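*Asks:* Once you've had a glance at the structure underneath, I'll fire off some questions.
The values are calculated or read from the model by the stated rules, or taken from the named source; none is laboratory data. As the structure is a computational prediction, the values presented were derived from the model and not from experiment. Here the Cβ is made from the backbone with ideal geometry for all residues, glycine too, and neighbour counts use every protein chain on show. SASA here: full protein model, heavy atoms, side chains in, ligands and nucleic acids out. Shrake-Rupley method; radii C 1.70, N 1.55, O 1.52, S 1.80 Å.
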Amino acid sequence: MSDGATLWFTGLSGAGKSTIAGIVEAELHERGFKVEVLDGDVVRTNLSKGLGFSKEDRDTNIRRIAFVADLLSRNGVVAITAAISPYREIRDEARELMGDRFIEIYVKASVEECARRDVKGLYEKAFKGEIKEFTGVSDPYEPPLNPEITLDTEHESPEESAAKLLSLLEERQLIPAAQPA
């Protein structure tokens with residue numbers, strides 16, 4: 001992957017984006033790649049401070065992530081984004097910006113499963129109406145129509161999901177196959 005790439009994880013809060021991204025990041029580092037993770041929560045705190053959760057603000061946040069991922073990936077870095085990125089139109093803009101360097105990864109889990117996993121209690125607050133504009137509850141999430149891969153985290157472990165993604169990257173010759181230990 002000498003040209004770099006963007007691994008664009010999308011899915012509901014609690015679906016497993018950051019967990020799987022962390023496993024993939026560690027494996028790519030182990031294989032000698034330059035990797036940067038653009039986690040949604042971290043980006044919001046640093047790059048998008050002051051933005052709210054209106055559609056306009058969410059779009060701005062995702063456009064900023066796409067801009068940084070594009071800069072990194074065109075300079076030989078594997079950029080891993082792990083943000084909900086709920087709207088298809090903005091993800092499609094990111095794909096258009098990066099072309100073949102953009103790999104969309106749909107981390108699929110139901111709202112019920114994500115709520116069950118939720119350690120912060122955000123879903124419970126959203127169900128009670130205490131959090132407005134919460135993706136999957138009071139705000140829409142538009143699943144990708146043609147992602148490069150879907151990782152169904154209700155039926156596979158984070159390690160299995162990461163292995164599936166790494167296999168796809170090897171099949172597409174974006175990374176060399178892992179060498180046996």
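*Asks:* By how many nm would the segment from S138 to E171 grow when fully extended, if each residue of separation counts as 0.36 nm and the alpha-carbon distance is taken off?
*Replies:* Between S138 and E171, full extension yields 8.0 nm more.
*Asks:* Magnitude of the Cβ-charge dipole of the chain, K/R +1 and D/E -1, about the Cα centre, nearest 20 debye? Walk me through the numbers before you get to the answer.
*Replies:* Details: 23 positive and 33 negative charges, 99 e Å.
Charge dipole, the chain, about its Cα centre: 480 debye, nearest 20.
*Asks:* Where q = 0.26, 0.30 Å⁻¹, what log10 of I(q)/I(0) comes from the Debye formula for the stretch 35-89, counting one point per Cα?
*Replies:* Debye intensities relative to I(0), on a log10 scale: -1.05, -1.26.
*Asks:* Is the stretch 130-181 best put as rounded, prolate or oblate by its Cα gyration tensor, with a ≥ b ≥ c the root eigenvalues, rounded for a/c under 1.5, and otherwise prolate when a/b is larger than b/c, oblate when not? Write down the numbers at each step before the final one.
*Replies:* On the way: a/c = 3.67, a/b = 2.34, b/c = 1.57.
Taking the square roots of the gyration eigenvalues as a ≥ b ≥ c, the stretch 130-181 is prolate.
*Asks:* Using +1 on the beta carbon of Lys and Arg, -1 on that of Asp and Glu, and nothing else charged, what's the dipole of the stretch 34-79 about the Cα centre, debye to 20?
*Replies:* 80
*Asks:* Let me ask something additional. What list of ³J(HN,Hα) couplings, whole Hz, do you get for the stretch 163-171 from phi and the Karplus terms 6.51, -1.76, 1.60, once you set θ to phi - 60° and write x for glycine and proline?
*Replies:* 4, 4, 5, 4, 4, 4, 5, 5, 4
*Asks:* Taking only Cα atoms of the stretch 96-163, what ratio of Rg to Rh do you get with Rh as the Kirkwood inverse-distance radius? The partial results should precede the final answer.
*Replies:* On the way: Rg = 14.5 Å, Rh = 13.9 Å.
Checking Rg against Rh, the ratio lands at 1.05.
*Asks:* Further, regarding this structure: Kindly provide the helix-only [θ] at 222 nm of the chain, computed as the sum of -39,500 (n - 2.57) over DSSP H runs of four or more divided by all residues, to the nearest 500 deg cm²/dmol? Before the final figure, lay out the partial values.
*Replies:* Details: 7 runs with 78 residues, N = 181.
Value at 222 nm, helices only: -13000 deg cm²/dmol.
*Asks:* Short version: ³J(HN,Hα) in whole Hz for each residue of the stretch 33-47, in order, from phi by Karplus 6.51 cos²θ - 1.76 cosθ + 1.60 (θ = phi - 60°), x for Gly and Pro, what are they?
*Replies:* My calculation for the stretch 33-47 gives 8, 7, 9, 10, 9, 10, 7, x, 5, 5, 4, 4, 6, 10, 8 Hz in order.
*Asks:* For S110, which sequence-distant residues (separation of 5 or more, or a different chain) have an amide H within less than 5 Å of its own amide H, given hydrogens modelled in the peptide plane?
*Replies:* none
*Asks:* So, one more: HN-Hα J couplings of the stretch 96-108 from phi, Karplus 6.51/-1.76/1.60, θ = phi - 60°, integer Hz, Gly and Pro as x?
*Replies:* Each residue's phi maps through the Karplus curve to give 5, 4, 9, x, 5, 7, 9, 10, 8, 10, 8, 9, 9 Hz.
*Asks:* Expressed as a whole number of Å, what is the distance separating the alpha-carbon centroids of the stretch 133-181 and the stretch 24-63?
*Replies:* Between the Cα centre of the stretch 24-63 and that of the stretch 133-181, the gap is 17 Å.
*Asks:* Three principal axis extents, largest first, for the C-alpha atoms of the stretch 2-107, in Å?
*Replies:* 39, 27, 24
*Asks:* Under a point spin-label approximation (7 Å from Cα along Cα-to-Cβ), what is the R64-K125 distance to one decimal in nm?
*Replies:* 2.0
*Asks:* While we're here: Among A83, G99, S110, whose Cα projects farthest towards the positive end of the dipole of the stretch 73-115, with charges put on the beta-carbon of Lys, Arg (+1) and Asp, Glu (-1)?
*Replies:* Toward the positive end, the furthest listed residue is G99.
*Asks:* What number comes out for accessible area per residue over the chain if the probe is 1.4 Å? Units Å², please.
*Replies:* 52
*Asks:* What residue among T150, F134, P176 has its Cα farthest toward the positive end of the dipole of the chain, where the charges are +1 on Lys, Arg and -1 on Asp, Glu, each on the Cβ?
*Replies:* Of the listed residues, the answer is F134.
*Asks:* I would also like to ask the following. Taking the radius of gyration and the Kirkwood hydrodynamic radius from Cα positions alone, what is the Rg/Rh ratio for the chain, to two decimal places? Mind showing how you got there, number by number?
*Replies:* Numbers: Rg = 15.9 Å, Rh = 16.6 Å.
That ratio is 0.96, to two decimals.
*Asks:* Sticking with this structure for a sec: Under 13 Å from the Cβ of S54, count the other residues' Cβ atoms, weight Lys and Arg +1, Asp and Glu -1, and hand me the total.
*Replies:* Here the charged neighbours net out to -2.
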